[in-house]
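One structure is given below, encoded as structure tokens.
The values are calculated or read from the model by the stated rules, or taken from the named source; none is laboratory data. Everything quoted here is computed from the prediction, not taken from an experiment. Please note: Cβ atoms are built from the backbone with ideal geometry, for glycine as well, and neighbour counts cover all protein chains shown.
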């Protein structure tokens, strides 16, 4: 901390308390203040959370409310979880200020982590009153959508709001910002529909490590940025900066200030509408044509087209620059483009790969977005590995023994990449894919030099732990529709499946309640294990195959070697970062 920062904080705090104006009548003086602190994890930035809390403490709020993700979590080692909580609480206790914790998905992620949370802090759903205002904390840590919240939780929330309807106002805190996903998709948000019937003034959420703000039906919605966790993508212009909120209750009225360490920032510096506009601009403004790869390597050079679409009122003027990664070369490395409002421009580049396909180079440029803001766009070269599924004249028997003619006659795919590209360090993996009018059939053979260390703790559907060996498939039946289906199996045949949609806000929304009637059998023998499965096409594409190619990716998680083997690396829920599966 620089020598002048404590002085600045003290001066700003004093100015905020007195409102930068002459003293007001006592009846209108602030009754109390409270701080809202953002995520500390995942991937805590060392010392950043402590810095935010130290500055916040100088402002002397009456209490603190967090919006979740206090520990790294996601481990089955209860002793480690307890130690992480001890470390976090030592930080919080150092402020000397009362605090209330909203659980996040890093805090509660399974039954054991919930039991630890309850032992330390009581029930995760709670509410309290303070000088006429009601503060409600709702635990949504293990749910992916507002519509997936169980009836008993909705009933509890409704009862709390009902008994609080004559209060001076209600403030609600929960971790995952379901509201922005539903609002951006034009869907009804279950929670918002409930809030509208009560004097709910504001809703505070975390999770995305980015700040954004909007008002819907007179209710303020805050996406609280990170206070210590790794920042979201996009930088400051997309709301990714360390900050916290300070609320002030003055009589019945509520005002909220956004604070960065050392500074105050206008609460509308980055709005929900800005976030939507930037997500759309990022997806549509710059596109790179597909580069199909039918082999593990690519020989010779290829031409790609960069399309720049300008839907704003300002002219695009920038130099598109390639950042080289891995074994790629690009010419030209830099190319200037100018695109008037409402028009589309193109550039051409010649690319060559003399080794591993992944990682790929990235094209960077700046484009105008909204209200004079500029957007930094980074687009990876759109390399798509292509794999083919052979038609099965007869349905294979799903028994974990890949001895049918369709499997024996197929060469399969055994060349895979590591999580960051380059040849994988995982043991040999052989993937085969077949199909008929009803199913996609997959057969996987996984060599494991340490077969005794094979991990398969999960026995219940969708209950995968981070420690399980597994093979996972990602299907995108309708290309570029931003809807994916992920289906995974561990060595004892436990199924993990979910539907994933990319909402207009730009984030992915998993639906773990989506289940496909998959038939699977696994087998472990000697130094390897096998998976054989029939995945119904109708569960992912009601109209059948629908086209000659689906978006596709595959990965094997090899726990004993702490690595993965991926068909296309890295495995991401993005149409421009997924391979192709053809049907022949």
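Here the strands (runs of 3 or more DSSP E) wholly within segment 359-411 that include at least 3 residues being closer than 22 Å to residue 344 by Cβ, in contact with a strand residue (DSSP E or B) (Cβ under 7 Å, 6 or more places away or on another chain) and not assigned by TED's automatic domain parsing to the domain that holds residue 424 are 362-368, 374-380. Scanning segment 555-581 for residues that are surrounded by 23 or more Cβ atoms within 10 Å (Cβ to Cβ) and outside any strand (DSSP E or B) turns up 567, 568, 569, 578.
When segment 509-537 is examined, which residues are found to be modelled with pLDDT of 95 or more and more than 21 Å from residue 492 (Cα to Cα)? Once the filter is applied, which keeps residues that are modelled with pLDDT of 95 or more and more than 21 Å from residue 492 (Cα to Cα), segment 509-537 yields only 537. Within segment 103-120, restricting attention to residues that are surrounded by 16 or more Cβ atoms within 10 Å (Cβ to Cβ) and farther than 25 Å from residue 459 by Cβ, the residue that is farthest from the chain's Cα centre (by Cα) is 103.
The condition of being surrounded by 15 or more Cβ atoms within 10 Å (Cβ to Cβ) and within 19 Å of residue 493 (Cα to Cα) holds for residue 442.
Taking (1) surrounded by 18 or more Cβ atoms within 10 Å (Cβ to Cβ); (2) modelled with pLDDT of 95 or more; (3) closer than 17 Å to residue 303 by Cα in turn, residue 345 satisfies each apart from (1).
Note on segment 211-224: residues that are under 20 Å from residue 57 (Cα atoms) and at pLDDT below 95 amount to 0. Counting only residues that are under 26 Å from the mean Cα position of the chain (by Cα) and surrounded by fewer than 21 Cβ atoms within 10 Å (Cβ to Cβ), which one in segment 247-264 is modelled with the highest pLDDT? Top of the filtered list is 260.
Of all the residues in segment 50-71, those that are buried (at least 19 other Cβ atoms within 10 Å of the Cβ) and more than 24 Å from residue 128 (Cβ to Cβ) number 1.
Looking only at residues of segment 412-422 that are touching a strand residue (DSSP E or B) at 6+ places or on another chain (Cβ under 7 Å) and touching a residue at least 60 places away in the same chain (Cβ under 8 Å), we find that the one that is nearest to residue 525 (Cα to Cα) is 413.
Across segment 337-358, the number of residues qualifying as in a loop (DSSP other than H, G, I, E, B) and under 22 Å from residue 326 (Cα atoms) comes to 5. Per this entry, residue 451 is not counted among residues that are at pLDDT below 90, out of contact with any helix residue (DSSP H, G or I) (no Cβ under 6 Å at 6 or more places or on another chain) and crowded, with 16+ Cβ neighbours inside 10 Å. Mind checking whether some residue in segment 463-472 is surrounded by 22 or more Cβ atoms within 10 Å (Cβ to Cβ) and either without any contact (Cβ under 8 Å) to a residue 24 or more places away in the chain or more than 19 Å from residue 525 (Cα to Cα) (or both)? Scanning segment 463-472 turns up no residue that is surrounded by 22 or more Cβ atoms within 10 Å (Cβ to Cβ) and either without any contact (Cβ under 8 Å) to a residue 24 or more places away in the chain or more than 19 Å from residue 525 (Cα to Cα) (or both). When residue 152 is tested against the conditions (1) under 19 Å from the mean Cα position of the chain (by Cα); (2) surrounded by fewer than 21 Cβ atoms within 10 Å (Cβ to Cβ), the lone failure is (1).
Just one of the listed residues (247, 326) is in a loop (DSSP other than H, G, I, E, B) and out of contact with any helix residue (DSSP H, G or I) (no Cβ under 7 Å at 6 or more places or on another chain), namely 326. Report whether or not residue 308 is over 29 Å from the mean Cα position of the chain (by Cα) and surrounded by 15 or more Cβ atoms within 10 Å (Cβ to Cβ). Here the answer is no, as residue 308 does not meet what is asked. Of the residues making up segment 83-102, those that are surrounded by fewer than 14 Cβ atoms within 10 Å (Cβ to Cβ) and either outside any loop (DSSP other than H, G, I, E, B) or outside the structural domain of residue 142 (by TED's automatic domain parsing) (or both) number 5.
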